[in-house]
Amino acid sequence: MEYGNHNFSNLQSDQPLIHGIDFKHPEDICISAMKGYVKIFTYGCQMNDLDSLKMCSLLAQDGWRETQSLKKADIIILNTCSVRQKAYEKVLSNLGRLRPYKRRKPSLVIAVTGCVAQQEGADLIERMPHVDMVLGTHQLHRLTELVHEILIRRSPVIDTSFSEEIPSLDLVPGKEFIRPAHRAYTNIMQGCDNYCSYCIVPYVRGREISRDYQHIIEEVRKYASSGVKEIFLLGQNVNSYRGGRTFPDLLRMINDIDGIERIRFTTSHPKDMSDDLISCFASLDKLCDHIHLPFQSGSNPVLKAMNRNYTRETYLGLIEKLRAAGPGIAFSADVMVGFPGETHRDFEDTLDLMERVRFDLLFSFKYSPRPGTRSAGFIDDIPEQEKLSRLRQLQDMQKRICADIGSKRIGRVYDVLVDARSSRHEDQVFGRTTHNAIVNFSGDPSLIGSTVTVEITRANPNSLTGEQIGAMR
Ligand code: 5AD
Ligand code: SF4
């Protein structure tokens, strides 16, 4: 998963957002008259990125256009994340900054969606009276209906109810929203039943709900026929998918779809890594040689207190099995430092696990207590300074590992699916290897969307540089 927050800007500023959801033909869609402008801010993970695309698509069908200008916006949406305290605070501070915009334009609709909306509900409007809409994680499909309600009634609306089904899982953004056009993200499930003691996700995304496999297959087939080559399956816990087929069965079905060349998924839980799933890395030619497998800590007592349901030995055993199934497979993961009670010895165990696995990419965080979770009741006893120092030590070590892995790739040749023009060098493009490594090389934008072979010539801190040696296909 990618963390951090960013503006939602898959479209050029002020481009009309036409076409609706579910691949209807433009002529079939009754596009409402232009109603105004919308600005969406997206925080957090890829799930939120996809939810923002869906909201954009829904609003476009209802006659709203995206703008990057806050002044011009008639609707401002903050699609939020509350997984860590810092993310949550950022949302609240950015919401506060919107007050003057509302003062200047009282008709402005300010909506909060995603995990902070789910967590706060009506309290958010009490604290921030300039907010008009609080829309929970199961109710995204109601967005346009609720915008209308606000515009008519001029009073705030809140819907943070959980339901048995999540209709928005089945919403598919119009193909104009798929950027780059060769990669599409697809929800296969939402929510989590694991209740790791530090994690707010089960409370804000709800229990696991899987999407029917037939809907997923139908969506992927449509994507394939419209030129998508890479499918990225998304969910908080994809490897416990139960939508009428097992997750490995779903992968096998997608692997059989003509036109799809690459399959990726995130996020997986180590306790749900079945042998069947591991064998997919050996048997499915389209499944990329990369897995994101958060380990959180390398210490058994900490893993136990986190309620992770595996030990460092079982995690290392999984890595070994995955390496046997897919030699050359790349690993990425999430890890946390400073969990309550984490001793120096525990922390050393985390570093030791990193040294044994040698992750290509690691997302590392300082623990922060989240309201309502079990660990919020534990004493947050590791001082902030100590958390920071452990985080720095861990990140320094990871930098060394990354440099080493990168340098070993020099001279090797990889298939690179070209994503876009480089923003730094006019004459360069970049794409990704099967390991999800970013490769920059001199090339024409006409290569975007095709796969070329590239020889690696240099390893940079976060990417590789190479030279194209093979034709596009
Ligand atoms: N404090 C710090 N990091 C957390 N994460 C989840 N909850 C917390 C928390 N309370 C991290 C985990 C998870 C990632 C999405 O965020 O590493 O995998
Ligand atoms: Fe949170 Fe654990 Fe579920 Fe991941 S598996 S979303 S860390 S509760």
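Quick note: the coordinates plus some simple rules give every number you see, no bench work behind them. Remember, it's a predicted structure, so these values are computed and weren't measured experimentally. Cβ sites come from the backbone with ideal geometry, for glycine too, and all protein chains shown count toward neighbours.
Once the C-beta distance of Gln393 and Leu70 is scaled by a Förster radius of 60 Å, the resulting FRET efficiency is 0.90 to the nearest 0.05. Across all directions, the average projected area of the convex hull around the alpha carbons of segment 120-165 is 3.2 nm². Computed from phi, the 3J(HN,Hα) profile of segment 269-286 under the Karplus parametrisation 6.51, -1.76, 1.60 (θ = phi - 60°) reads 9, x, 6, 9, 7, 6, 4, 4, 5, 4, 5, 4, 5, 8, 9, 9, 5, 8 Hz, with x in place of Gly and Pro. For Ala330, the residues 5 or more places off, or on other chains, whose built amide H falls under 5 Å of its own are His290, Ile291.
Rounded to a whole number, what is D in µm²/s for segment 264-329 from Stokes-Einstein with the Kirkwood radius over alpha-carbon pairs (20 °C, 1.002 mPa s)? If you can, show how the numbers build up before the last one.
Numbers: Rh = 12.5 Å.
After rounding, the answer is 172 µm²/s.
Calculation over all alpha carbon pairs of segment 318-460 in 5 angstrom steps from 0 returns a P(r) of 2, 9, 15, 15, 14, 13, 11, 9, 7, 4, 1, 0 percent.
If you take the C-alpha gyration tensor of segment 153-198, multiply each eigenvalue by 5 and take the square root, what semi-axes do you get, largest first, in whole Å? Show your work: numbers first, answer last.
On the way: eigenvalues 136, 97, 24 Å².
In descending order the semi-axes read 26, 22, 11 Å.
Between Gln385 and Thr311, the distance separating the two model label sites (each 7 Å from Cα on the Cα→Cβ line) works out to 3.7 nm.
Under 5 Å between amide hydrogens, built in the peptide plane, is the criterion, and for Glu66 it picks out Leu17, Val38 among residues at least 5 positions away or on other chains. Mean projected area of the Cα convex hull of segment 168-317, taken over all directions, amounts to 9.0 nm².
Over the C-alpha atoms of segment 381-473, the Rg to Rh ratio, Rh being the Kirkwood estimate, stands at 1.16.
Size descriptors for the chain: radius of gyration and Dmax over Cα atoms are 22.4, 65 Å.
Mean residue ellipticity at 222 nm from the helices of the chain, using -39,500 (n - 2.57) per DSSP H segment of n ≥ 4 over the full residue count, to the nearest 500 deg cm²/dmol? Walk me through the numbers before you get to the answer.
Working: 14 runs with 152 residues, N = 473.
Calculated at 222 nm, the ellipticity per residue is -9500 deg cm²/dmol.
Potential lengthening of the chain between Asp427 and Met34 amounts to 137.7 nm, from the contour at 0.36 nm per residue minus the alpha-carbon distance. Histogrammed with a bin width of 5 Å, the alpha carbon distances of segment 323-380 distribute as 4, 16, 20, 20, 16, 12, 8, 4, 1 percent, first bin at zero. Normalised by residue number, the volume inside the convex hull of the Cα atoms of segment 35-93 is 71 Å³ per residue. A Förster distance of 35 Å, applied to the separation of the beta-carbon atoms of Arg154 and Lys271, puts the FRET efficiency at 0.10. A convex hull fitted around the alpha carbon atoms of segment 253-400 yields 123 Å³ per residue.
In this simple spin-label approximation, Asp258 and Asn94 carry label points 7 Å from Cα along the Cα→Cβ vector, and these lie 4.3 nm apart.
The distance between label points at Asp123 and Asn460 comes to 4.3 nm (points 7 Å beyond Cα on the Cα→Cβ vector).
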